[in-house]
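Here is the structure we will look at.
Values quoted throughout were computed directly from the atomic coordinates according to the rules given, and no laboratory measurement underlies them. Treat the numbers as computed from the prediction; the structure is a model and nothing was measured. Neighbour counts run over all protein chains shown; Cβ positions are idealised from the backbone, glycine included.
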Amino acid sequence: MRFFVRRIIFYAITLWAAITINFFIPRVMPGDPVQAAIAAGGGTISPDAIPALQALFGIDPTQSLWSQYVDYLQMLAHGDLGTSFTYIGSPVLDVIKQALPWTIGLVGIATIISFVIGTLIGSGIGWRRGTWADSLLPISTFFSAVPYFWLALIAIAIFSVALGWFPSSGSYDRNMVPNLSWDFIGSVIYYGTLPALTIVISSISGWILGMRNMMVTVSSEDYVTVAQAKGLSERKVLFGYAARNAILPQVSSFALSLGFIVGGTLIMEIVFSYQGIGFLLFNAVNAKDYPLMQGCFLVITIAVLAANILADFVYGALDPRTRQEG
Amino acid sequence: MSAVPELQRAARPAHDPVLEIKNLSVDYGYDDPTHVLRQVSLNLNRGEVLGLAGESGCGKSTLAYAATRLLPPPGLITGGQVLFTDRDGTQSDILAMNDSDLRASRWQDMAIVFQGAMNSLNPVFRIGRQIADGIQAHKPGISKKEALERAGELLDMVGISADRLRDYPHQLSGGMRQRVMIAMALALDPQVLIMDEPTTALDVVMQRQIVEQIAELRERLGFSVIFITHDVSLLIEIADRIAIMYAGEIVEDASSQDVYRRPRHPYADGLLHSFPPLRGPRRELGGIPGSPPDMSKLPTGCPFRDRCEFAWDACAAITPELTGTAVAGDDPRRTVACLRHTPDLVQAAGFEPKPVPERLALR
Amino acid sequence: MSIDSEVLERDLDVAQEAAAPTSPRRKFLFMRNTKALTGLVILGFFTLMAIIGPWIAPYDPDARSKDVLQPPSWDHLFGTTHIGQDVFSQILVGTRGVMVVGFVAGIVATTIGVLIGVTAGYIGGFGDEGLSALSNVFLVIPQLPLIIIIAGQLPSAGGLTVALVIAATGWAWGARVLRAQTLSLRKRDFIEAARANGEKSWRIITAEILPNLTAIIAAGFVGTVGFAVLSQITLSFIGITSVSEWNWGTVLFWAQAQLALQQGAWWWFVPAGLCIALLGMSLTLINFGIDEFVNPRLRSTGLNARKLRKRQIRPRIGFTPVVHEAKEDRS
């Protein structure tokens, strides 16, 4: 249990750090974000909102930094992320609530698919070294070096513009009203296929290479040789002994690189104009909608932390050593 | 052993080999190989404990792994035979087997206890499951419950309570893990048990217990053992016969009492003098000057000559062969690879033969 | 980046081999590694372009011309944009921006990483706990969104500012690896001996520990450069940083903004992407080289598969291949 307690404490610290970073960024930046925000809002911001903005950015000279910080934490504790400029008057939280399911659906599912398939391929390549499978390595290397968004551009150029198989932007047919019908779900899947495929293809090579290297390392462990010496079937040695142990660092590296992957996939949403949180962040940055920007960052961070906690539990379930008492 | 003349071999009373390694050659690396074993021959008789000794890097573990074809890449077996004789007398060459035959033979015929007990167990499975999966792989009809029951009996046999079956490896001490490995190796009642430095990582007390346990189990179950260690004094206590390796070759092969009291090879002599005969704190090998040669650029002639006080010009030119000794009255079955024992060979090559030095001709 | 993070898990394992003294022979071996060599050659090429690119560019990248949206030709190697700018010149001129940001961010982040990682590993105790927690926090927080909101709030985010922001968020990975490595080095005999001799800490760190961390620091640096290049190009592409400073991301930004995709102007976005991929690949290859140099187990046995097949050798665990090639002259 100690393992989990330690991890939970760590995540609490990380969350606090993210919130604090979020608090300080607008305060240490040069310039006056409130004025910039009002200018960017172009008259859509009522004068009533100015105190709230000031609280958010801590411009109020009558308050000490510490009391501003306490105010900020209190706001967050009540789920108040401020009010968006661009979505006039809507609380940031509501705007984000609209976008979040799309991101979790697209990025979440695509990342898991990519992880699972990549890990399987990687264990195959790592196990059968010196065969044709090794030729997949240079291809993976190439794909791991390409920026996600560029691959998305190419995918659009080929599959939407040239072949016309998939729509190039959006998340469902705009003529439809979102509901729980099969038609609508079908449309969501149809619109999501190309972005999801692009995410899978661009992130899979990382998992392949990582798992391949872990397989190579684990394969030279004594217990794998012992398993072979016992005359177990190839399948049992591969999945029960080699891959079963190689997956442990793979899972922890999954947790560690989630932040990076999520960052890259959010850009995909921008390229595909997919109405998730990445696209929202992009719009917020362009519109200088500071509350929305910071809200997006915080929510993305919390989502990544939640995924990390999940990965930790998976790790704990896979590795008996973490369950050790004391 | 195949170098022994045919006459002597026939005269040997207890010649009942369960494992015959013939001219086994092993390379390390594929493109620019290092010849780590060069035509090594060695016999293991039924019911015998054969000790394999030598400094680290001399190829003793390589020999064991190559004979079972467990040598990891870039190891490559480049020649020879490993003949296993079953209880009913059928012979099979392990090096000629296909994958499925080899799988079927493994653990059933020959089992191995590996060097590091720490890493020999899969850290994520319970030990019961790890013993049972080996049983199930060879006895398709057996249920998981029966296999686990058998695993419990095996643990009991090595002095571990059967309720440890549900433990993970990290919950066991080093000595217990090594016992688990022994129990696991005996699961299918193998005829040959290869033990690669089974006690090196353990403290002296634990070493003692394990060695005694192996001896006792062998009495009861009657398997043959190849015991690999660099600790010659340990071997003298437990082995019937000892083969000493140097630079990828066997340099002396004799009964353990003969090796202990009457070593014939200068290296065997040096090895004996570098270990205290009685149990005591382990020391660095100090009895032999110099260090083992670089296997990747082995000179011609005797590989030991640079460290040998008895070397002369012939040693640089002629590669010694494993033959009978030149000391009158020696056990005819013992062999040694030293030019001092083969005056004919030296003469044939045009050198002046030299006699066996007094220290290597003790009676 | 996920390729790199797997290295984290292996690091302790590798520490043993990494700390082996680097003899000239081993250095030579690193240069002999074809992967590393290929990577270095490509990297060298781009570095050269970064230096001479602006001088050898055939056109002013901003200059408009009448050749609007021309496909590649001898006049315009990579074609032209919607207002007749030469894409080839844009990419040549933009190389400098990419490389400068990559290297500045790489150097700064590696310096922070070394300072924090080595200190944490060397001092141990509470200081270590604190510094490790700090680097883990920075590892887990999604960097790109963080960079985006920082860069988005800066009044004008030019190249160097972006480099510093990237460095400030991207040092944690290197620090983590270095901490683990230092920790294992510290327990070695030669460090213990130096401590017992009463050597000063800074001397032990600079004379005994840092030389043994060279490979890891280099790998961290290369990885960070790759990360910085990708981040900067991404930022330029989504138009958060200054779009008037040329780099490959800016080229892609204009291509996207001017609907190059929809007009089938593939020459506008393909070359920039390939350059990024090529540069990224060269960095990955160098890192593979370092990895294999540090962890010999990863070497793909260093031989060509065809030759092995000819000899009917299939290297694998648990089934040593048997070929009857050795001479058998003993009875």
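Points worth noting:
- DSSP beta bridges fully contained in the stretch B:20-151 are about 95 percent antiparallel.
- With neighbour counts taken as other beta-carbon atoms within 10 Å, the residues A:THR198, A:THR265 rank, fewest first, as A:THR198, A:THR265.
- Classification of chain B by its C-alpha gyration tensor yields a prolate form. The axis ratio a/c (a ≥ b ≥ c) is 1.5 or more, and a/b outweighs b/c.
- Cα-Cα P(r), the stretch C:30-310, percent of pairs per 5 Å interval: 1, 6, 11, 13, 14, 13, 12, 10, 8, 6, 4, 2, 1, 0, 0, 0
- Scaled to the globular estimate 2.2 N^0.38 Å, the Cα spread of the stretch A:208-258, given as radius of gyration, is 1.19.
- The dipole here belongs to chain A: it is taken about the Cα centre, uses +1 on the Cβ of Lys and Arg and -1 on the Cβ of Asp and Glu, and is about 1120 debye.
- Applying 0.36 nm per residue to the separation of C:LYS187 and C:THR214 and subtracting their alpha-carbon distance, the gain on full extension is 7.9 nm.
- Counting only lysines at least 8 places from C:LYS187 when in the same chain, those with an alpha carbon closer than 23 Å to its own are C:LYS200.
- Label point distance in nm, B:ASP240-B:ALA215, each placed 7 Å from Cα along Cα→Cβ: 1.5
- Positive-end residue of A:SER220, A:GLY264, A:SER114, charge dipole of the stretch A:92-323 with Cβ unit charges: A:SER220
- 0 to 90° range, to nearest 10: angle between helix B:144-157 axis and chain B longest Cα axis: 50
- A simple charge model with +1 on the Cβ of Lys and Arg, -1 on the Cβ of Asp and Glu and nothing else charged puts the dipole of the protein assembly as shown at about 800 debye relative to its Cα centre.
- Farthest towards the positive end of the charge dipole of the stretch C:25-113, among the residues C:LEU92, C:SER73, C:GLY39, is the Cα of C:GLY39, using unit charges on the Cβ of Lys, Arg, Asp and Glu.
- Between the stretch C:83-102 and the stretch B:109-164, the C-alpha centres lie 64 angstrom from each other.
- Prolate/oblate/rounded call for chain A, Cα gyration tensor, a/c under 1.5 rounded: oblate
- Prolate/oblate/rounded call for the stretch B:64-122, Cα gyration tensor, a/c under 1.5 rounded: oblate
- Dipole axis of the protein assembly as shown (+1 Lys, Arg; -1 Asp, Glu on Cβ), positive-most option in B:VAL180, C:SER244, A:SER64: B:VAL180
- Distance violations [Cα-Cα > 31 Å] among B:LYS22/C:LYS35; C:LYS35/C:LYS307; A:LYS236/C:LYS327: B:LYS22/C:LYS35; A:LYS236/C:LYS327
- Nearest 10 degrees, 0 to 90: helix A:182-219 Cα axis against chain A principal axis: 50
- Counted over the protein assembly as shown, the DSSP beta bridges are approximately 60% antiparallel.
- With R₀ fixed at 22 Å, the C-beta to C-beta distance from A:ILE8 to C:PHE126 puts the FRET efficiency at about 0.65.
- Efficiency of FRET from Cβ geometry, A:MET176 and A:LEU65, R₀ 56 Å, rounded to 0.05: 0.70
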